[in-house]
Amino acid sequence: METSLVRAHREGASSMRTGKDRLIAGLMLAPSLILLGIFVYGFIGQTVYVSLTDWGRGASLALQPEITFVGLENYRQLFTGILDVRFRQDLVNMVFFSLIFVVACLGMGLFLATLLDRPLKGEGFFRTVFLLPMALSFVVTGTIWRWMLQPRGGVNVLPTLVGLPRLEFLWTTSRQRVLQFNWQAVPQGLILLAAVVLILLGVRAWRRGTRRKALLLGLPGLVAGAYVLLVGRGVNWSGLPFPETHGFNLALIGIIIAATWQMSGYTMALYLAGLRGIPEELREAAQVDGASRLQIYRYVELPLLKPITLSAVVVLGHIALKIFDLIFAMSGPDNAMTSVPAILMYLTTFRGNQFAKGAAIATLLLLLVSLLIIPYMVSTLRKGDEA
Amino acid sequence: MADQPAVATGTPAHDLQLSRQKAAGRARWGRVAVYGVLILLVIIYLTPVYLTVVTSLKDPAHIRLPTAWEPPRPISWEGYATAWRDFAPKLRNSFILAVTATALSAIMGSMNGYVLAKWRLPGERYIFPLIVFGMFIPYQSILIPLFQFLRSVNLYGGLPGLILVHVVYGLPITTLLFRNFYAELPDEMVQAASIDGAGFFGIYRWVILPLSAPAFTVVIIWQFTQIWNEFLFAVTLTQPAAQPITVALANLAGGEAVRWNMPMAGSVLAALPTVLVYILLGRYFIRGMLAGSLKG
């Protein structure tokens, strides 16, 4: 009798939680959804649209600019227009910066976490110091490192304190460039890279015994690779009429050091949390099996840190693709040697008043970040649902 | 026969003791090495801080590139005096901006998190990822329409417009943090309150809110730091009178022949609020930072 009463009461309550109150819940969420719908998705749509027009050319600030639809013309110019060489250079800078910065942060963070993952006196102090730069603005970091890397002062005169000669590297004002390549060879290069990855994946699948998968991956890789090597050699697929040299600008080294100084604490914290989360029994079991400290690190701890490395690559990678404030403050937006598309978008739009081209750069930037973020979000949230 | 004692050491117990001693010795040297490396790294990580503080305290006449590392003799507060005179209004702007936008985005985020964690809504499987995606986008990709929108509603150039922008683009991360926090609170508590007759707001007011202090701490610290440090919106959407400190500092460092005591003192002033927050409440700061990688 009483139990049924309670049940009836509970059912009444839960139906209440699904009735009027559910409507209120929806209404309370609505303002945020509408705001984000407009400010994120509406505005992205608008940006893509602007990138497909000429947006009044130079008169883009007029309230009613004359707009003509031009299709992908802005994108075509960015990749093949002679005047837009700065965009391609910025793209190359961004790739080099992102790769080296992410690897440096992972390495430094793992090293710091490994050192700190043991009973130490003053561990809190060490952790605080390594994480301190994370609390700073990129603008502050940029200003400080601009002073640190003055060609005739700062780090360069440090050796003179112990009687050694001064360093001569020009840091962010350096014009040296290494690993040079011709932009016209980029399409072939990208296809070859994809082919190699596919072939390697195919070989791995073959070893694991999934023959069908191996063929599905490996054969297209082989075909694409062979096609590029046989047909694509010496042919210009880039659409760029003249050879154009790009490469790794050594001026970026200073930016990479500053960025790593600021962000390595983040990877340290991630790895440290990961190491602390490994159950002690696993280590003990390995110890009983006769594993040395180094072997435990290599074969027990490192493999368990893989998911953390993946998260860190995605988070740091998207920060690297978007990097703007640090370069702005450290070498200025006008230093082409250290510029990236995020900076060029700002210059093109707000200094050059070329809204359409700025929108095209912004769209490409969003595309790159999405390629990194969306697969990660899908897999992370799916895992969360299963848990 | 003289070998006898040596043979005696062959007993298992003694062997074990010996190897323990050896291991302890090795471990001691290992610890010394670890401390040595850590102290070296601390020195390297603090080098920029040292140079900043030293330069900020020098008389501009004494700042020369070759002697940049020498301590200030005598100490001059001129850099701080100038920086404070020029930056006080900008610091005020940053303060108003960060406090207001943090408060608003935290309140809205808390409500969103409550709804998403404790109420069943149609399509919520898609709503949450669509909200969260907003925190990863490069803001360049919405900047042009945003700029045009703010101009058309007369909010371009001033603090209210910038506050609005930071509230809106702060929603994804605040919603994410609160939603993950509330998801950990047992549903039974909500059900019990519901049985007692509490409705949507009653549950929030009497069950959720009293338990929210840790989540609010994390969110407030995170948002305050992020908004204080932000630059892209600040540089594109404000006019000089409403500029936050980051823009003023970046503009200052733009000039080549500057007297470096002033930008260094300015950097210290600009960094002080967030560094203080970090040193006093570091635990919560780290929690917010780690949550940025999606897992609560």
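Can you find a residue that is within 17 Å of B:Pro138 (Cβ to Cβ), of a type outside the set (Phe, Trp, Tyr), in contact with a strand residue (DSSP E or B) (Cβ under 9 Å, 6 or more places away or on another chain) and facing chain B (nearest Cβ under 10 Å) anywhere in the range A:354-362?
The first filter runs over the range A:354-362 and keeps only residues within 17 Å of B:Pro138 (Cβ to Cβ), leaving A:355, A:357-362.
Now narrow it down to the ones that are of a type outside the set (Phe, Trp, Tyr): A:357-362.
Among the residues that remain, those that are also in contact with a strand residue (DSSP E or B) (Cβ under 9 Å, 6 or more places away or on another chain) are: A:359.
Now restrict to residues that are facing chain B (nearest Cβ under 10 Å): A:359.
Scanning the range A:354-362, I find at least one residue that is within 17 Å of B:Pro138 (Cβ to Cβ), of a type outside the set (Phe, Trp, Tyr), in contact with a strand residue (DSSP E or B) (Cβ under 9 Å, 6 or more places away or on another chain) and facing chain B (nearest Cβ under 10 Å), so the answer is yes.
Would you call A:Arg146 of a type in the set (Lys, Arg), touching a residue at least 40 places away in the same chain (Cβ under 8 Å) and buried (at least 21 other Cβ atoms within 10 Å of the Cβ)?
Details: of a type in the set (Lys, Arg): yes; touching a residue at least 40 places away in the same chain (Cβ under 8 Å): yes; buried (at least 21 other Cβ atoms within 10 Å of the Cβ): yes.
Spelling it out, A:Arg146 is indeed of a type in the set (Lys, Arg), touching a residue at least 40 places away in the same chain (Cβ under 8 Å) and buried (at least 21 other Cβ atoms within 10 Å of the Cβ).
Are any residues in the range B:58-85 surrounded by 16 or more Cβ atoms within 10 Å (Cβ to Cβ) and under 30 Å from B:Leu164 (Cβ atoms), and if so, which ones? Even if it seems obvious, please write down each step before you answer.
Step one: filter the range B:58-85 for residues surrounded by 16 or more Cβ atoms within 10 Å (Cβ to Cβ), giving B:58-59, B:63, B:68-69, B:72, B:76, B:78-80, B:82-83.
Hit for the range B:58-85 is B:Ala83, nothing else.
Just checking, does the range A:65-87 include any residue being among the basic types (Lys, Arg) and without any contact (Cβ under 8 Å) to a residue 24 or more places away in the chain?
Of the range A:65-87, the ones among the basic types (Lys, Arg) are A:76, A:86.
Still in the list and also without any contact (Cβ under 8 Å) to a residue 24 or more places away in the chain: none.
Within the range A:65-87 (the criterion being among the basic types (Lys, Arg) and without any contact (Cβ under 8 Å) to a residue 24 or more places away in the chain), the answer is no, since none of the residues qualifies.
So which of B:Gln243, B:Gln239, B:Gln223 is touching a strand residue (DSSP E or B) at 6+ places or on another chain (Cβ under 6 Å) and more than 15 Å from A:Thr143 (Cα to Cα)?
Numbers: B:Gln243 fails: touching a strand residue (DSSP E or B) at 6+ places or on another chain (Cβ under 6 Å); B:Gln223 fails: touching a strand residue (DSSP E or B) at 6+ places or on another chain (Cβ under 6 Å).
Checking each option against the conditions leaves just B:Gln239.
Condition check: within 13 Å of another protein chain (Cβ to nearest Cβ) and exposed (fewer than 13 other Cβ atoms within 10 Å of the Cβ). Does B:Pro129 satisfy that?
Values: within 13 Å of another protein chain (Cβ to nearest Cβ): yes; exposed (fewer than 13 other Cβ atoms within 10 Å of the Cβ): no.
No: the conditions fail for B:Pro129.
Quick check on my filter: what residues within the range A:161-211 are among the basic types (Lys, Arg) and part of a loop (DSSP other than H, G, I, E, B)?
Quick first cut of the range A:161-211, residues among the basic types (Lys, Arg) only: A:166, A:175, A:177, A:204, A:207-208, A:211.
Once the filter is applied, which keeps residues that are among the basic types (Lys, Arg) and part of a loop (DSSP other than H, G, I, E, B), the range A:161-211 yields A:Arg166, A:Arg175, A:Arg208.
Determine whether the range A:162-175 contains at least one residue that is within 30 Å of the chain's Cα centre (by Cα) and within 11 Å of chain B (Cβ to nearest Cβ). Reasoning before the result, please.
In the first step, residues of the range A:162-175 are kept if they are within 30 Å of the chain's Cα centre (by Cα); the result is A:169-175.
Subsequent filtering for residues that are within 11 Å of chain B (Cβ to nearest Cβ) retains A:173.
The answer is yes, given that some residue of the range A:162-175 is within 30 Å of the chain's Cα centre (by Cα) and within 11 Å of chain B (Cβ to nearest Cβ).
Identify, from the list A:Ala259, A:Ala251, A:Ala291, the residue that is more than 11 Å from chain B (Cβ to nearest Cβ), without any contact (Cβ under 8 Å) to a residue 60 or more places away in the chain, out of contact with any Pro (no Cβ under 9 Å at 6 or more places or on another chain) and aliphatic (A, V, I, L, M). Give the derivation first.
Details: A:Ala259 fails: without any contact (Cβ under 8 Å) to a residue 60 or more places away in the chain; A:Ala251 fails: without any contact (Cβ under 8 Å) to a residue 60 or more places away in the chain.
Result of the check over A:Ala259, A:Ala251, A:Ala291: A:Ala291.
Of the residues that make up the range A:138-150, is at least one over 19 Å from A:Ala258 (Cα atoms), part of a helix (DSSP H, G or I) and at the interface with another protein chain (Cβ under 7 Å from one of its Cβ atoms)? Working first, answer last.
Going residue by residue through the range A:138-150, those that are over 19 Å from A:Ala258 (Cα atoms) are none.
Among the residues of the range A:138-150, not one is over 19 Å from A:Ala258 (Cα atoms), part of a helix (DSSP H, G or I) and at the interface with another protein chain (Cβ under 7 Å from one of its Cβ atoms), which makes the answer no.
Could you run through the range A:122-137 and say how many residues are in contact (Cβ under 8 Å) with a residue 24 or more places away in the chain, of a type outside the set (A, V, I, L, M, F, W, C) and over 17 Å from A:Leu110 (Cβ atoms)?
Filtering the range A:122-137 for residues in contact (Cβ under 8 Å) with a residue 24 or more places away in the chain gives A:127, A:130-134, A:136-137.
Still in the list and also of a type outside the set (A, V, I, L, M, F, W, C): A:127, A:133, A:137.
The next check asks that each one be over 17 Å from A:Leu110 (Cβ atoms); those that pass are A:133, A:137.
Of the residues in the range A:122-137, 2 are in contact (Cβ under 8 Å) with a residue 24 or more places away in the chain, of a type outside the set (A, V, I, L, M, F, W, C) and over 17 Å from A:Leu110 (Cβ atoms).
Just to be sure before I move on: is A:Tyr271 surrounded by 14 or more Cβ atoms within 10 Å (Cβ to Cβ) and hydroxyl-bearing (Ser, Thr, Tyr) in the structure I sent?
Details: surrounded by 14 or more Cβ atoms within 10 Å (Cβ to Cβ): yes; hydroxyl-bearing (Ser, Thr, Tyr): yes.
Considered against the rule, which asks whether it is surrounded by 14 or more Cβ atoms within 10 Å (Cβ to Cβ) and hydroxyl-bearing (Ser, Thr, Tyr), A:Tyr271 comes out as yes.
Looking at the range B:62-104, which of its residues are touching a Leu at 6+ places or on another chain (Cβ under 6 Å) and among the small types (Gly, Ala, Ser)?
Of everything in the range B:62-104, just one residue is touching a Leu at 6+ places or on another chain (Cβ under 6 Å) and among the small types (Gly, Ala, Ser), namely B:Ala83.
Looking at B:Ala106, B:Ala83, B:Ala98, B:Ala117, which one is away from chain A (no Cβ under 12 Å) and either closer than 22 Å to B:Trp228 by Cα or modelled with pLDDT of 90 or more (or both)?
Of the residues listed, the single one that is away from chain A (no Cβ under 12 Å) and either closer than 22 Å to B:Trp228 by Cα or modelled with pLDDT of 90 or more (or both) is B:Ala106.
Counting only residues that are hydroxyl-bearing (Ser, Thr, Tyr) and facing another protein chain (nearest Cβ under 7 Å), which one in the range A:110-137 is surrounded by the fewest Cβ atoms within 10 Å (Cβ to Cβ)? I'd like the intermediate steps shown before the answer.
From the range A:110-137, those hydroxyl-bearing (Ser, Thr, Tyr) are A:114, A:128, A:137; that's our starting set.
Still in the list and also facing another protein chain (nearest Cβ under 7 Å): A:128, A:137.
On the way: A:Thr128: 16, A:Ser137: 28.
Checked the range A:110-137; the qualifying residue surrounded by the fewest Cβ atoms within 10 Å (Cβ to Cβ) is A:Thr128.
Picking from A:Gly12, A:Gly56, which residue would you name as being at positive phi and at pLDDT below 80?
Values: A:Gly12 fails: at positive phi.
Every option except A:Gly56 fails the conditions.
Go through the range A:363-372 and give me each residue that's under 13 Å from A:Gly45 (Cα atoms) and at the interface with chain B (Cβ under 7 Å from one of its Cβ atoms).
If the condition is that a residue be under 13 Å from A:Gly45 (Cα atoms) and at the interface with chain B (Cβ under 7 Å from one of its Cβ atoms), then A:Thr363, A:Leu366 are the ones that fit.
Suppose we filter B:Phe178, B:Phe201 for residues that are surrounded by fewer than 18 Cβ atoms within 10 Å (Cβ to Cβ), of a type outside the set (Gly, Ala, Ser) and farther than 24 Å from A:Met345 by Cα; which single one remains? Quick ask: steps written out before the conclusion?
Working: B:Phe178 fails: surrounded by fewer than 18 Cβ atoms within 10 Å (Cβ to Cβ).
Result of the check over B:Phe178, B:Phe201: B:Phe201.
Pick from B:Gln243, B:Gln223: which is more than 9 Å from chain A (Cβ to nearest Cβ), polar (S, T, N, Q), farther than 18 Å from B:Ser110 by Cβ and under 24 Å from the mean Cα position of the chain (by Cα)?
On the way: B:Gln223 fails: farther than 18 Å from B:Ser110 by Cβ.
Criteria check complete, one pass: B:Gln243.
The values are calculated or read from the model by the stated rules, or taken from the named source; none is laboratory data. All values derive from a computational prediction rather than experimental measurement. Because the Cβ atoms are built from the backbone with ideal geometry, glycine has one as well, and the counts that use them run over all protein chains shown.
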